[in-house]
Amino acid sequence: MNNNIKFVFLSFFILFLLSMFFLFYPIDAIDLDRGVPYKNSKIFSQSENYFNTISSSNNLNRSFPDIVSRKDNIDSPEKVELGRMLFFDPILSGDNTMSCAHCHHPDLGFSDNRGLSMGNNGKGVGGKRTGGNILKRGSPTLWNAGFNHAQYWDGRARDLEHQATFPITDSSEMNQDRIELEKELNNIPEYKQLFEKVYPGNNPVSFKNIVFAIASFERSLISRNSRFDKYARGDLEALSSSEMHGLNIFRSLKTRCFECHNFPTFNNPDYKVIGVPDLDPNKPDLGRYYVQGKGYERAFKVPTLRNIALTAPYMHNGIFKTLDEVIDFYAEGGGIKHGIDQAIIDDKIRSFSLSSSDKEDLISFLHSLTDESKKPNIPTEVPSGLAVVSNLDNESLELKRFKPKKFTDRTINLKKIGKKIYVNLGQSIQDGINLAAPGDTVIIGPGTYHEMLAIDKSSIKIMGITKDGRPLTILDGRNILSDAAVGSGSNIEISNLIVKDYTSNGIMLNHARDIIFRNIECHNTGLYGIYPVECVGILIENCIVTGSSDAAIYVGQSKDIIVRNNIAYENVTGIEIENSLNALVENNEVYNNTGGILVFLLPNNPSKVSMTCKVIGNYIYDNNHENFADPTAIVSKVPPGTGILIMAGDDVEVTENKIMNNNSFGVGLIGLDLLFGIGNKYDVDPIPQGCYIHNNIYKNNGNNPAGIVVESGFQGADILWDVTGYDNNWNEPNASKLPPILPKKDWSKLSRLFNWRLWRVITRVI
């Protein structure tokens, strides 16, 4: 008997030890879902710095970021000049026939007008170069390369100094030996003197100093005085009407160009998958994957569009000869029609259609980004005495085919009394905006207007007329125009408008601060109704939005947000807060959408956090509408019947909401892996942490969950949690839950971790 007791006791003890082992011993497959500290993270600081740049912006005339430079390579005029000589000197190549300028010629936009560049053993320059090694990719422009966060199409070089080491020593490119190059330069008195002047001390002619000088020269290649820049600084006559219309198309939600190529650099620090077809389908180029690994298949750096007219052909492999071909590619949805898996193509790449006139206007705008005012001279000779490249005519097919439209004069004839500008039916609202000075109000009379507006002014109000609180001023796109209004600025108020029947978006402001949207109705405006993105200081109130195929009210990559007292119905998403800081979503009525309210953190966006969002006092009900989003959009994966969905967001508080009759679930809390798959690498923290869901009213949620919910292994419930992030909290005693036991605020860290680990073991291991 005693032996039996001992056996039972020992069995329970062993079982207890095994339980402790499984619950607390590190297991990678489980602990990946715990999350990492986030409040003081490097990512958070980066995002704060990003929002600071928005706060300091001035309409389209935005400050360029700091040049990316190294503390151990301070630029000087003498160093830049030495770098210029080296850049054009063929002595850098093993056979003394090839310089940096053979692939980065100043007359060819500091590129080479080739699809794939040609390296060692080649003869000639640029597009006419023959006989050499064909390289894997084309030469990207060096204009504004100093602003890049990384170099090369795949970002394998961290800076220009690092980049310069590759082509010189690569056997397929310049095929030079480091030591041999140092010897050759040391034997040239002029070079020796130049190096000693720039690098006083021992061993001035070193390979390190060579690439440092070249990097300094490349950092001096700055282009930021194009006609677009003059327009951004306030010269409204710098762009033609065609180019201004092209600018609006560029930043419209139809083309979405600006989302990857934003002002002022016209690039961004992310790596995007757009699905560029391979020249040889049997030899796919996986781009960033070779550097970063899984999750970056076919991802490439977003290049600048400045001087884009000079650098044809286009893409990393030069597969498109003209900008016309490039636009057609994007209009088809990127690589989807070329056999590239839709699942890996960036969410922002969606099909669209443009008239031939709109397409030419867009191309005209891209040509307005040309600026060669700081183009350096090719030296007549270099210290080595070797032959330098000659000046060339840029013979790209893009320049040959492009015919700019003529400038047309326009007379503005509007009534202005004091600080008020009056626009009446038959007149142009855009003229009123162009006439406005800081402090002015543009008052738009009753009636229906058919315009696509550009709002690039600060400290102005644009107001329609109301009767009994209902707007009488209507912006009607007639299902032809893409966006009712796009713009950028500060202290802008837009109010008292009905916006309807636009194909892409209602009203979009980008990189703006202190903006108000008030008493606006948006009906059937394409993807979005009200769309502030990359903004600081936003108020959206008393608006009604319906018929949006993405989000009725979308706020993305923004900070200090209030969305209150709005109504959103019959959209895919009612309200979406994405990659943003400090948002209050309060007292809104959200019904008959696919998903009511979304708080998301998505990868590959300028802001790397989604934090401190409060969802309070909203009425969220009957969000069971079929999902009619573009299949390539992230929101196309939102299941019908979604009340509130938090994905990877941190410090999200959901309280005092009425959440009723949502067929799939009331409130869902998930990590990115549930949507993107396990094993991906992200540039954001994929785990929701510090969220608090409490004191909400639930009724009849989860009674008929959508197929995607069931397929993911869930049942319907008031609350769903995919068990990512152990430090989230709930206090919902009357709600149905999955899993059935959720941690509360007053739980100890040990009990919280025990609970989390238990469900991870159950859901992932068993």
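The values are calculated or read from the model by the stated rules, or taken from the named source; none is laboratory data. Please read all numbers here as calculations on a predicted model, not as lab measurements. Heads up, the Cβs are rebuilt from the backbone with ideal geometry, glycines too, and the neighbour counts pull from every protein chain shown.
Kindly provide the set of residues from the range 408-452 that are closer than 30 Å to E325 by Cβ and surrounded by 13 or more Cβ atoms within 10 Å (Cβ to Cβ), ordered by number.
Correct list: M452 only.
Of all residues in the range 426-472, count the ones that are touching a helix residue (DSSP H, G or I) at 6+ places or on another chain (Cβ under 9 Å) and β-branched (V, I, T).
Selection size over the range 426-472: 6.
Conditions (1) under 21 Å from M452 (Cα atoms); (2) surrounded by fewer than 24 Cβ atoms within 10 Å (Cβ to Cβ); (3) among the hydrophobic types (A, V, I, L, M, F, W, C), marked per residue:
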site	(1), (2), (3)
V533	yes, no, yes
G537	no, yes, no
I544	yes, yes, yes
D560	no, yes, no
N565	no, yes, no
E576	no, no, no
S580	no, no, no
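Can you name the number of the only condition in (1) surrounded by fewer than 22 Cβ atoms within 10 Å (Cβ to Cβ); (2) out of contact with any strand residue (DSSP E or B) (no Cβ under 6 Å at 6 or more places or on another chain) that V709 fails?
Looking at each condition in turn, V709 falls short on (1).
Within the range 486-531, track down each residue that is over 19 Å from M452 (Cβ atoms), among the charged types (D, E, K, R) and free of Cβ contacts under 8 Å to residues at least 40 places away in the same chain.
Matches in the range 486-531: E493, D514, R518.
Select from the range 157-170 the residues that are part of a loop (DSSP other than H, G, I, E, B) and surrounded by fewer than 17 Cβ atoms within 10 Å (Cβ to Cβ) and list them in ascending order.
Answer for the range 157-170, where residues must be part of a loop (DSSP other than H, G, I, E, B) and surrounded by fewer than 17 Cβ atoms within 10 Å (Cβ to Cβ): R158, D170.
Just to be sure before I move on: is K559 under 14 Å from D650 (Cα atoms), of a type in the set (D, E, K, R) and in contact with a helix residue (DSSP H, G or I) (Cβ under 6 Å, 6 or more places away or on another chain) in the structure I sent?
Here the answer is no, as K559 does not meet what is asked.
How many residues does the range 52-81 contain that are under 20 Å from the mean Cα position of the chain (by Cα) and over 20 Å from H261 (Cβ atoms)?
Summing the residues that are under 20 Å from the mean Cα position of the chain (by Cα) and over 20 Å from H261 (Cβ atoms) in the range 52-81 gives 3.
Can you name the strands (runs of 3 or more DSSP E) wholly within the range 538-607 that have at least 2 residues being of a type outside the set (D, E) and under 16 Å from the mean Cα position of the chain (by Cα)?
Filter on the range 538-607 gives 551-556.
Do we find that R114 is under 24 Å from F320 (Cβ atoms), surrounded by fewer than 22 Cβ atoms within 10 Å (Cβ to Cβ) and of a type in the set (K, R) in this structure?
So R114 fits the description; yes.
To keep it simple, each residue is scored yes or no on (1) free of Cβ contacts under 8 Å to residues at least 24 places away in the same chain; (2) among the acidic types (D, E); (3) in a loop (DSSP other than H, G, I, E, B); (4) crowded, with 24+ Cβ neighbours inside 10 Å.
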| site | (1), (2), (3), (4) |
| --- | --- |
| N663 | no, no, yes, no |
| L675 | no, no, no, no |
| G679 | no, no, yes, no |
| Y682 | no, no, yes, no |
| D685 | no, yes, yes, yes |
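Note down all Cβ pairs under 6 Å where the first residue falls in the range 41-65 and is at pLDDT 85 or above, the second is hydroxyl-bearing (S, T, Y), and they're at least six residues apart or on different chains.
These pairs meet every condition: L60/S488.
Give the residue that is nearest to Q557 (Cα to Cα), with candidates limited to residues of the range 511-526 that are surrounded by fewer than 24 Cβ atoms within 10 Å (Cβ to Cβ) and of a type outside the set (A, V, I, L, M, F, W, C).
If we take residues in the range 511-526 being surrounded by fewer than 24 Cβ atoms within 10 Å (Cβ to Cβ) and of a type outside the set (A, V, I, L, M, F, W, C), then D514 is nearest to Q557 (Cα to Cα).
Going by what's in this entry, would V638 be described as at pLDDT 95 or above, crowded, with 23+ Cβ neighbours inside 10 Å and closer than 16 Å to Y554 by Cβ?
No, not satisfied.
Could you look through the range 121-155, keep only residues that are aromatic (F, W, Y) and part of a loop (DSSP other than H, G, I, E, B), and pick out the one that is farthest from V68 (Cα to Cα)?
Restricting to residues being aromatic (F, W, Y) and part of a loop (DSSP other than H, G, I, E, B), the top hit is W153.
When the range 85-111 is examined, which residues are found to be touching a His at 6+ places or on another chain (Cβ under 9 Å) and either crowded, with 22+ Cβ neighbours inside 10 Å or aromatic (F, W, Y) (or both)?
Hits for the range 85-111 are F87, S93, F110, S111.
How many of the residues making up the range 455-486 are surrounded by 20 or more Cβ atoms within 10 Å (Cβ to Cβ), under 20 Å from G426 (Cβ atoms) and at pLDDT below 95?
Looking only at that region, the number is 1.
So which residues in the range 144-165 are in contact (Cβ under 8 Å) with a residue 60 or more places away in the chain and farther than 14 Å from N73 by Cβ?
The answer is N144, A145, F147, N148, H149, A150, Y152, W153, D154, G155, R156.
From the set of residues in the range 641-696 that are among the acidic types (D, E) and at pLDDT below 95, which is farthest from the chain's Cα centre (by Cα)?
Here the answer is D651.
Looking at the range 186-254, what helices (runs of 4 or more DSSP H) fall wholly within it and have at least 2 residues that are among the basic types (K, R)?
Filter on the range 186-254 gives 189-198, 207-219, 227-232.
It is to be established whether one or more residues within the range 173-188 are within 20 Å of P77 (Cβ to Cβ), within 42 Å of the chain's Cα centre (by Cα) and in contact (Cβ under 8 Å) with a residue 60 or more places away in the chain.
No, because not a single residue in the range 173-188 is within 20 Å of P77 (Cβ to Cβ), within 42 Å of the chain's Cα centre (by Cα) and in contact (Cβ under 8 Å) with a residue 60 or more places away in the chain.
G115 is checked against (1) under 31 Å from the mean Cα position of the chain (by Cα); (2) within 26 Å of S216 (Cα to Cα) and fails just one. What number does that condition carry?
Result: G115 fails condition (2) only.
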